[in-house]
Each structure stands twice: as structure tokens, then as C-alpha cells.
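Please read the structure below before turning to the comments.
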Amino acid sequence: MKCGIVVFPGSNCDHDCYHILKKVLNQETHWLWHKDNADLSSFDLVVLPGGFSYGDYLRAGAISRFSPVMNSVISFAKKGGKVLGICNGFQILVESGLLPGALMQNHTRKFICKNVYVRVESTHTPFTQECSDKSVLQIPIAHHQGSYYIDPHSLGDLEEKGQILFRYCDAEGNITDSSNPNGSVSSVAGLCNAQKNVMGMMPHPERCADPLWPNVDGQSIFKSLITQS
Amino acid sequence: MDKEPEITSQLVKDHGLTGEEYRRILDLIGRQPNFTELGIFSVMWSEHCSYKSSRPFLKNLPSEGPNVLQGPGENAGAIDIGDGFAVVFKIESHNHPSFIEPHQGAATGVGGIMRDVFTMGARPIALLDSLRFGELDDPRTRFLLNGVVDGISSYGNCTGVPTVGGEVYFDSCYNGNILVNAFCLGLAKSDKIFLAKAGGVGNRILYVGSKTGRDGIHGASLLASSEFDETTEEKRPTVQVGDPFTEKLLIEACLELMEFDWVVGVQDMGAAGLTSSSFEMAHRSEAGVRMDLSKVPLREAGMTPYEILLSESQERMLFVIQPGHEEEAVAILEKWGLDAAIIGEVTDESGVRIRFNGKEVVNLPTFPVVDGALDLKRETQRPEYLDRIHQLNLTELPHPPRGDKALIKLLGSPNIASKEWVYEQYDHMVRLNTLVLPGSDAAVLRIKGTKKAVAISVDCNSRFCYLDPYEGAAIAVAECCRNLAATGATPIGLTNCLNFGNPERPEIMWQFEQAVQGMGDACLYFNIPVVSGNVSLYNETKGEAIFPTPTVAVVGLIEDQTKVMTQGFKKPGHRIGLIGFTMEELGGSEYLKVLFDKTEGKPPVLDRKHEKQVQDFCLELIQKGLIQSAHDCSEGGLAIAVAESCFASPAEGIGATLDLESTLRGDALLFGESQSRIVISFPEEFTDKIEDLALSYPVDFILLGKTGGSHFTVNINGREYIKQEIESLKKIWKTTLGSYAGQTT
């Protein structure tokens with residue numbers, strides 16, 4: 001699989017995604033500089049990594065969407081190319097209109113970094129096909145603006161089309177108020193577009209994919225993509 | 001340009017210089033300084049920059065060792081860890097700014113310490129913070145706690161450097177003067193450590209980073225080098241404002257620039273900004289520097305040379321590069337969207353000459369500015385309070401038949417309660433190195449590309465230091481090393497942040513002298529070089545000084561990153577044991593403070609030889625794979641250490657039953673803070689091996705009981721002393737700090 005990782009000014013998790021894709025999973029991996037209007041046609045996957053692109057000033061992702069590289073990413077996605085946005089990458093996907101809804105400040109009004117559980121809500125996508133249906137993954141979150149919002153009508157739409165891929169849950173897979181760390185509507189932690197080639201999620205799968213740690217739940221997402229290509 | 005003010009004795013005084021110091025300036029430069037030059041002397045001779053009160057004492061700290069690549073005197077210390085890598089680290093205070101403006105004060109403290117580290121060519125990979133606030137009932141404490149944590153969180157998280165640990169304490173002695181000590185560790189190639197030097201004639205001086213504004217002027221001289229009084233709030237404009245996004249760009253751009261061998265030297269513009277960076281670089285290289293301030297990127301129009309030179313605007317660096325590479329350098333910086341400008345060059349003169357708008361505004365030799373401040377021979381005198389507080393008679397203390405109440409009260413004390421509310425606001429995982437998450441004895445980070453890991457612990461029990469600064473400081477070193485031993489790490493180097501009151505008072509200088517001596521003696525004994533540090537004096541408000549707080553951060557090395565030990569019990573049915581010896585020591589304990597509101601007695605005895613054996617024994621047990629958990633006994637004593645091991649178990653809480661035989665008072669046995677003790681757990685079948693090994697050292701070792709069940713039970717001489725449900729104990733411990741911080745008043 002040929003992967004590209006976009007580097008915005010302020011990207012922080014670019015090196016972590018690179019480490020997992022290149023060093024742990026042995027995939028061909030390249031950097032994509034934000035100022036470049038690159039030809040992405042030879043890529044199988046483009047990752048928008050976590051971080052604080054442009055300092056998250058104004059609103060997370062609001063400035064990055066105007067980066068030259070986003071023109072390339074958008075046309076890549078429109079042609080069916082697979083795009084994975086993690087944390088700040090998810091925020092950029094939402095801001096650039098590749099995914100619906102909005103990411104607001106956590107209901108705690110604080111930055112939260114901890115391990116949480118998510119339930120796999122659909123396995124019929126290139127991002128989740130290696131996961132078992134309704135399985136529970138332990139993946140860390142680290143964000144200040146991760147409370148997902150979408151109007152009830154559109155939420156129904158997402159559900160119907162199987163676009164909601166992850167929901168925050170407890171260790172047993174129950175979806176409760178106390179297992180929702182940031183106040184996301186319907187506990188949504190990750191979703192994809194209607195064509196199922198663009199996915200955004202707030203939890204960081206790259207933080208639990210190196211076998212030096214006991215938890216490698218995040219690998220299932222990358223492995224789903226690798227099997228696909 | 002407006003006419004500069006005339007130099008009067010009042011103006012000299014306003015610049016924090018004494019009459020004697022001003023006469024010395026006249027002697028050294030042979031003429032009257034102009035207004036800008038007076039400003040330069042004011043910051044460079046300030047306590048904060050010149051260490052004029054503390055320097056004579058600091059010479060006693062051992063700073064050498066076979067693996068030390070860089071000791072004190074540079075931006076940070078550096079130690080070779082093998083495999084071609086070095087760790088670069090330092091701790092630094094940002095106390096006064098954080099009291100006045102907690103968010104920006106703490107944020108810029110983090111930014112400053114990171115720059116000290118990447119200035120040396122090291123990529124910052126870990127941050128820790130030692131924080132001390134006033135008592136919970138003080139109306140300002142909640143505001144300061146929230147502001148400081150928010151500041152660290154917003155700055156550290158944005159730069160992508162994980163905040164992996166630290167400490168948080170509360171005591172009324174910090175009501176008027178909180179402490180914010182920030183530590184950073186970076187990783188460099190051991191043959192690519194950059195120093196702050198200017199090199200040969202003709203080298204270019206390159207200004208990098210944020211534009212210079214009017215913020216932070218006299219931060220070092222007037223804010224950091226005087227005690228607080230009624231006018232403190234007026235000093236708010238001296239607090240700098242941070243921009244973590246620019247810092248992140250600066251990290252990446254500087255590290256990219258430092259790949260080239262035409263980079264000669266680097267110095268960050270921290271305290272005293274452009275002044276200290278230019279004068280110090282010139283002085284270290286015995287070279288001269290010429291600069292033109294008209295070329296400095298400015299944030300606002302109309303700034304005077306005085307303001308440009310003294311500004312402490314954040315996120316700025318000064319590079320010295322070989323001529324002919326100006327365009328390459330600027331291109332890299334522009335790629336990262338940073339301002340860059342060649343503002344001067346290195347000369348063969350012996351001074352710094354600065355021009356502005358075509359006119360020379362400064363012409364000073366470097367020695368008087370950098371090294372000219374006289375070491376002050378401050379008087380020392382043993383404080384009288386010591387005789388009063390050393391009288392602690394245990395027989396006068398009530399002696400309750402059960403310990404449940406005390407245990408619950410201690411778990412709900414913010415000094416002991418979980419710091420989860422704090423560290424969940426910090427990204428502690430980014431960069432994929434954090435092997436041991438915050439909340440443990442020490443943070444542990446793997447070193448990518450090697451089998452190694454480094455462990456870091458930051459520590460100081462300031463109550464012990466108040467009762468006996470010599471022993472207290474030695475205990476801080478010992479405990480920090482013990483924290484490392486509990487994770488499987490051997491100490492390799494230390495950095496310190498010496499927080500004390502007003503040095504003009506002989507009692508404060510006595511505390512300082514004693515603490516430095518105690519720290520130095522302990523470091524000598526444990527063979528740990530002190531490679532960097534920072535002194536913060538004048539931590540007092542209206543004559544009320546903080547407890548002496550000589551915070552230490554010790555870095556340790558783990559050869560095999562798969563052999564990292566953690567503090568949580570792993571399984572029911574494991575044996576629990578105690579390495580070390582318990583004495584009847586309640587002096588200065590958290591128990592005494594929480595239950596009786598006393599900070600009295602003498603600190604626990606530290607037997608250095610025994611301490612070393614305890615640590616070596618623990619390390620060998622980990623090496624041999626004989627134990628499943630290890631946890632240092634500190635605040636709250638044995639009972640708290642065991643309870644924390646219960647809470648930190650992977651199953652969200654394993655119970656424990658201890659069966660103790662002892663002639664000590666129950667409270668001293670369970671809550672006393674005797675030193676050199678580590679609680680371990682292990683599978684039953686290893687008991688004999690561990691006991692035999694203990695005998696061979698010899699080191700004290702006793703079996704305490706077993707893990708399992710849903711309760712924490714302690715029996716002393718066959719009588720039940722404590723029995724409580726783990727779940728309810730854990731809830732108190734876990735929620736105390738968050739519910740305090742979240743209250744609205």
C-alpha cells in the first residue's frame with residue numbers, strides 16, 4: 001500500500017502515523033507537504049494526522065482547509081481515493097466539507113487525553129473490514145475540540161447508510177452518557193462519507209498499534225486498509 | 001528618536017542596581033553608561049541572570065562523570081546514553097510570572113525550557129512539571145491551579161511534546177508565591193550537541209522566530225529578582241505572552257537548520273532576550289559582536305533600542321552561521337513560515353557594539369556585562385524557628401485504635417490524591433514513546449532505534465526541607481532515585497531548581513547553603529552528576545518566605561525497554577513484601593499535617609548506604625524478573641503506597657490484606673514516612689529466592705501479606721486496624737482534585 005502523510009504546519013502526529021505505517025506495518029510511506037499541490041493518483045491512502053495545524057487558531061482545521069495540498073486531497077477523494085483523518089485530520093475533513101457535521105469544544109471544556117473504548121458500528125467499509133462487528137477497541141483520545149455535532153435528521157441519514165463507524169462505549173460495549181468523554185452527539189467517535197472512502201475519527205489508532213505496548217487494537221484499522229489495496 | 005532619560009541615582013535604583021554595583025560599572029567601563037547600557041547591566045546583573053547570591057554555593061555540586069557531555073553553564077546539560085544518543089535536559093522556574101498571570105506564566109515557562117533543550121540540537125521528547133500551590137482554602141488557589149494547568153496544557157500539547165509526569169503539592173506556605181518548575185528532556189545525536197558560541201570572525205548573526213515586541217521587558221530583573229508586595233499586580237506587563245504554534249515551527253526549523261555544518265552556535269533569547277544571547281555568545285567565544293537593531297523584525301513601530309534589547313518576547317533564537325550560507329538558512333526558515341534576518345556579525349573586537357538607525361547606541365566590553373557582577377557574600381544564620389519545631393513529642397499525639405479514618409482523610413488530601421485531573425489535560429502519549437503513563441513513580445520513555453528507555457522523576461518534599469534543609473534536600477535526591485529504581489532505571493544525571501525566599505535575609509541563605517550541601521553530598525554518594533539547574537530566589541510575599549524547595553529531577557537509564565516495572569498489583573494471590581526498614585517517624589509527615597495540622601519534628605533519617613542497597617536490590621529483582629510490581633513509599637507512608645498499588649492494578653482495583661507484627665505505634669507504622677522503602681509484589685513461588693537475595697545484600701525485607709479480594713485490610717499483631725472497600729477508597733482518591741478544581745465559587 002502506498003501511503004501519503006500530509007504535514008501541515010503544527011501537525012504533531014505525522015511522525016507517529018509514519019512510524020506505524022512504515023516501521024511497524026512495512027508500508028511504502030511518503031510525506032506530503034502542505035504547500036504542494038501534489039499529484040496523488042499513485043497513492044492508495046492519504047492520512048491527515050493529528051496535531052494543531054496552524055495552531056488551531058480561529059477554529060481547529062479552519063485554516064488548514066485552505067492549504068494548497070487540500071485541493072489535491074479533495075480531488076483525490078472525489079475520485080474514490082481513500083482518506084483517513086485522525087483527530088485534527090478529522091477536524092480538517094469536516095471543515096473542508098469532505099465529511100458532514102462539526103467538531104465542537106468538549107463538553108468538559110478541557111483538553112482530554114486518556115484511553116477510551118469505542119464500539120465498531122459497521123464493518124462494511126475499507127477502514128473497518130478487519131474488525132469484528134460490534135467489537136470493542138481500546139484507543140486513546142487527545143483533543144480539546146472533539147465533540148461531534150450534526151442535526152438529528154442528518155444523523156438519522158448517517159445511521160441509515162452505515163456511515164457511523166465508531167461510537168464511544170464502556171469496556172463491555174455499552175453506550176452510556178458516562179462512556180461518552182466529550183459530549184459527542186449519539187456518542188459518535190468516527191464516521192465516513194456516503195461513498196465510504198473518506199473516514200474521520202477523534203481517537204488515535206496510531207497510538208495503539210506498536211507491539212511494544214500490550215494494546216494493539218489500533219492495528220485493525222490500518223490492516224483493514226492494507227488488505228483492501 | 002526621543003531623548004534618552006538622564007542617568008540619576010533614582011533611575012539606577014529603579015533598575016534594581018545598588019549604589020555599589022553602579023560604582024563598579026563605572027570602574028569597569030571607565031565612563032558613565034548611557035540609558036540603554038544601564039538597561040543591559042540591569043538585566044545581566046540581576047539575581048536571575050547573574051546568580052550573584054547563589055553561585056559561590058553551587059560550586060559544591062558534583063558535575064562530572066564519564067558520560068557527561070555537557071555540564072552546567074550551557075543552556076542545558078547533556079549525558080551520553082550510548083548507541084550514538086545523548087539526553088539533554090534541564091528544569092527551570094517560572095514562579096513569579098505564573099502567580100501574576102497563571103496561564104501565560106506557566107505556558108511561557110514550558111516554552112522557555114523547551115528552547116533551552118532544542119537550542120542544543122536535541123528534539124524535545126518529554127516535559128514534566130513540579131507545581132506548588134497554596135492551601136485549598138485560599139481564594140486564589142483554585143484560580144491559579146486551573147490557570148497553570150491550562151497554560152501548560154495549551155502550550156505543551158500544541159507543540160507536540162508529551163507532558164509525561166510531574167508533581168503537584170499544596171501548602172499554605174505557597175499562598176503568596178506559587179512554584180511552577182518546568183522540566184524538558186530532549187534527544188540528540190551524541191556527536192551533534194550545539195553550544196552557544198560565536199566562533200570565528202565574519203560569522204553571521206541570524207535572528208530567527210517571532211518578531212520582537214514590548215512584552216516581558218524587565219521580566220528577569222524586576223519580576224524574577226524581587227519579592228512580592230502590594231505593587232505586584234502592576235508588574236503584569238512584564239509577563240511574556242506565548243505562542244506555542246510558533247514554538248512548534250521553531251523546533252522543526254531549528255532542528256532542520258542544525259543538520260548543516262555551517263551552523264556554528266545557537267542561543268535562545270530567554271531571560272534578558274537579545275541582550276543576554278548576544279553578550280553571552282560573544283563572551284564564551286572571546287569574540288566581539290556587531291549588531292544593527294534596525295534589522296531586527298519588530299512587532300510594532302517606534303520601539304527604542306532599550307526596548308528591543310530588553311524585550312523578552314517569546315519564541316526567538318539567535319544563530320551564528322558561517323558567511324555564504326545566509327540564503328540557505330533564510331530559505332529553510334521561510335519554508336516554516338518564520339521570520340529571519342541577518343542582524344550582525346562576529347568581530348575580533350572584545351566587545352559588543354550595537355547600532356540603531358545609523359547611530360551607535362551600545363559599546364560595551366563583554367566581561368563586565370556577563371561576568372562583572374560581584375559574587376555577593378551573603379550572610380547565613382540558622383533560623384530560630386528550627387528549635388521550636390523540632391520539639392515533637394509523639395506521646396502527646398492521640399493514638400486512635402483504628403486507622404480507617406486516617407487512611408480515608410489521607411487519600412482525600414490533594415497532596416496524595418490522584419493527579420488524574422491534571423495529567424488528563426496534558427497530551428502524554430504523542431510521539432509514541434511513553435511506556436509508563438503519568439501517575440506512577442517515574443515516567444518512562446523508550447528511545448526509538450535502540451533497546452533502551454529513559455526514566456524521569458521529579459521530586460522534593462519541602463516540609464522535610466523546612467524542618468531540616470540539609471536532610472530534606474538529600475532525601476529529595478534519594479527519593480527521586482528510588483522512584484527510578486522502582487521502574488527498573490539506574491540514575492545517570494540530575495538537574496535542580498532551587499526555590500527559596502529572599503537571599504538578603506541570612507536565615508534564607510542558611511537554608512540555601514544547607515540544602516545545596518545536602519544535595520551535593522547525596523549526589524556524591526549516589527554518584528550522580530548535576531548537569532544543569534536553575535536558582536529562583538525572592539520567593540516570598542511581604543516577608544513570608546516559602547518553605548525551602550530544592551526540586552530535583554533525576555534521569556535514569558533502562559537498558560532493556562521490555563523490562564520496565566510499574567506500581568500496580570498485577571494479580572490476586574501474589575505476595576506483598578516491603579524492602580527497607582520502618583521506624584517510628586512521623587516528623588514532617590502528611591499524616592501529621594492532615595490530621596493534626598502540624599509541620600513539626602525532624603524529617604525521617606536517611607541512611608545513604610541502606611538507601612543504595614535498597615535501590616540496588618530492587619533493580620536486581622526487576623532484572624531477574626522476580627517481581628510483578630514495585631512502588632516507592634513516600635507521602636502517607638506504607639498504607640498509602642499499598643493502597644496506590646491496589647488502585648493501579650490493571651483490573652481497576654485488586655484488594656490486599658496485610659498482616660503486620662510490630663511494636664511501633666499503628667499510625668507511625670502505617671502512615672510514617674521512613675525513607676528507603678519500596679513495596680513489591682511477586683508470585684508466591686519466588687518468595688525464597690527473594691528472601692535469600694535480601695540476606696546476601698544484606699537489606700531489610702519483610703513479607704507484608706497478599707493481594708486479592710475487594711478490601712484493603714490491615715491487621716497489626718493479630719488485631720484489625722484497617723478494613724475498607726477498595727472501590728470506595730479509590731473513588732475518594734480519584735475524584736478529590738477534580739471536584740475541588742471544578743467548583744465554582
Residues of type lysines that B:Lys723 reaches as a straight line, Cα spacing below 26 Å, ignoring anything fewer than 8 places off in the same chain: B:Lys405, B:Lys409, B:Lys419, B:Lys570, B:Lys571, B:Lys593, B:Lys706, B:Lys731, B:Lys734
Put +1 on the Cβ of every Lys and Arg and -1 on every Asp and Glu Cβ in the protein assembly as shown; which of B:Met583, B:Val264, B:Gly520 then has its Cα farthest towards the positive end of the dipole? B:Val264
With N residues in the range B:240-319, what two-decimal value do you get for its Cα radius of gyration over 2.2 N^0.38 Å? 1.15
Have a look at chain B and give its Rg and Dmax from the Cα atoms, expressed in angstrom. 26.2, 88
Can you figure out the FRET efficiency of B:Asp607 with A:Asn26, using R₀ = 60 Å and their beta-carbon distance, to the nearest 0.05? 0.70
With the full set of protein chains present, the residues of the range B:431-468 whose 1.4 Å probe accessible area falls by 50 Å² or more relative to the chain alone are B:Arg431, B:Leu432, B:Arg446
Given 10 Å bins starting at zero, what is the percent of C-alpha pairs of the range B:33-160 in each, up to the one with the largest pair distance? 11, 30, 33, 22, 4, 0
Evaluated at q = 0.18, 0.21, 0.22 Å⁻¹: base-10 log I(q)/I(0), Debye formula over Cα of the range A:97-222: -0.94, -1.29, -1.42
Using +1 on the beta carbon of Lys and Arg, -1 on that of Asp and Glu, and nothing else charged, what's the dipole of chain B about the Cα centre, debye to 20? 780 debye
Once label points are set 7 Å from the Cα along Cα→Cβ at both A:Ile175 and A:Leu58, what is their separation, rounded to one decimal in nm? 3.3 nm
How much of the accessible area of the protein assembly as shown, probe 1.4 Å, is carbon plus sulfur, in whole percent? 49 percent
To one decimal place, what orientation-averaged projected area in nm² is obtained for the convex hull of the Cα set of the range B:324-404? 16.6 nm²
Putting +1 on Lys and Arg Cβ atoms and -1 on Asp and Glu Cβ atoms, find which of A:Val120, A:Ala38, A:Gln219 reaches farthest to the positive end of the dipole of the range A:2-228. A:Ala38
Amide hydrogen neighbours beyond the local backbone of B:Ile447, cut-off 5 Å, H modeled: B:Lys452, B:Ala453, B:Val454
Using every pair of alpha-carbon atoms in the range B:532-657, split the distances into 10 Å bins beginning at 0 and state the percent of pairs per bin, rounded to integers. 10, 29, 34, 20, 6, 1
Compute the distance in nm between two label points, each set 7 Å from the Cα along the Cα-to-Cβ direction, one at B:Ala301 and one at A:Lys223. 6.4 nm
As an exercise, find the ratio Rg/Rh for the range B:1-89 from alpha-carbon atoms, using the Kirkwood inverse-distance average for Rh. 1.20
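What does the charge count around B:Asp459 come to, taking other residues whose C-beta lies under 10 Å from its C-beta (Lys +1, Arg +1, Asp -1, Glu -1)?
Net local charge, B:Asp459 excluded: -3.
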Once phi for every residue in the range B:87-103 is put through the Karplus expression 6.51 cos²θ - 1.76 cosθ + 1.60 (θ = phi - 60°), the whole-Hz ³J(HN,Hα) values, with Gly and Pro written as x, are 9, 10, 8, 6, 10, 8, 8, 9, 6, 5, x, 6, 6, 7, 9, x, 5
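Cα convex hull of the range B:380-530: mean projected area in nm², to one decimal?
Reported value for the Cα convex hull: 12.6 nm².
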Multiply the residue separation of B:Ala331 and B:Leu394 by 0.36 nm, subtract the distance between their alpha-carbon atoms, and state the gained length in nm to one decimal. 15.7 nm
Taking R0 as 22 Å, what's the FRET efficiency between B:Gln10 and B:Asp229 from their Cβ-Cβ distance, rounded to 0.05? 0.75
For A:Ile5, list long-range residues whose amide hydrogen, built 1.01 Å from N in the peptide plane, is under 5 Å from its own amide hydrogen. A:His30, A:Trp31, A:Leu32, A:Val47
Heavy-atom accessible area per residue - the range A:2-228, 1.4 Å, Å²: 37 Å²
With +1 on the Cβ of every Lys and Arg and -1 on the Cβ of every Asp and Glu, and nothing else charged, how large is the dipole of the range A:75-161 about its Cα centre, in debye rounded to the nearest 20? 340 debye
With respect to the cross-link table entries B:Lys192/B:Lys452; B:Lys189/B:Lys448; B:Lys377/B:Lys542; A:Lys23/A:Lys134; A:Lys78/A:Lys223; B:Lys377/B:Lys602, which display a Cα-Cα separation exceeding 18 Å? B:Lys192/B:Lys452; B:Lys377/B:Lys542; A:Lys23/A:Lys134; A:Lys78/A:Lys223; B:Lys377/B:Lys602
Can you check how the C-alpha radius of gyration of the range B:469-534 compares to 2.2 N^0.38 Å, as a plain ratio? 1.18
Could you sort B:Ile576, B:Ile702, B:Ile217 by accessible area so the largest value comes first, with the probe set to 1.4 Å? B:Ile702, B:Ile217, B:Ile576
Determine, at each q value in 0.12, 0.22 (inverse angstroms), the log₁₀ of I(q)/I(0) that the Debye formula gives when each Cα of the range A:174-229 is one equal point scatterer. -0.38, -1.02
Along Cα→Cβ, 7 Å out, is where each label goes; now give me the distance between the ones at A:Lys161 and B:Ile408 in nm to one decimal. 5.6 nm
So for the protein assembly as shown, Kirkwood radius off the Cα pairs, Stokes-Einstein at 10 °C and 1.306 mPa s: how many µm² s⁻¹? 54 µm²/s
Any chance you could look up the accessible area of B:Glu544 with a 1.4 Å probe, heavy atoms only, rounded to 10 Å²? 140 Å²
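At R0 = 30 Å, how high is the FRET efficiency between B:Asn717 and B:Lys624 if r is their beta carbon distance? Nearest 0.05 is fine.
The calculated FRET efficiency here is 0.35.
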Mean residue ellipticity (222 nm) of chain B, computed from DSSP H runs ≥ 4 via -39,500 (n - 2.57), nearest 500: -10000 deg cm²/dmol
Give me the inter-chain shielding for A:1-10: mean count of other chain Cβ atoms within 10 Å, whole number please. 2
Rounded to the nearest 100 Å², what is the buried accessible area between B and A, both sides summed, probe 1.4 Å? 2500 Å²
Report the GluC sites (Glu not before Pro) located in the range B:1-109 that are in a DSSP loop and have at most 14 other Cβ atoms inside 10 Å of their Cβ, or state none. B:Glu6, B:Glu64
Given chain A reduced to its alpha-carbon atoms as identical point scatterers, what log10 I(q)/I(0) does the Debye formula return at q = 0.07, 0.10, 0.15 Å⁻¹? -0.18, -0.38, -0.92
Taking Rh as the Kirkwood radius computed over alpha-carbon pairs of the range B:492-586 and applying Stokes-Einstein at 20 °C with viscosity 1.002 mPa s, one gets a diffusion coefficient in µm² s⁻¹ of 128 µm²/s
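The values are calculated or read from the model by the stated rules, or taken from the named source; none is laboratory data. Remember, predicted model here, so these are calculated numbers, not experimental data. Here Cβ is always computed from backbone atoms with ideal geometry, including for glycine, and neighbour counts include all displayed protein chains. These accessible areas exclude ligands, DNA and RNA; they are computed on the full protein's heavy atoms, side chains included. Shrake-Rupley method; radii C 1.70, N 1.55, O 1.52, S 1.80 Å.
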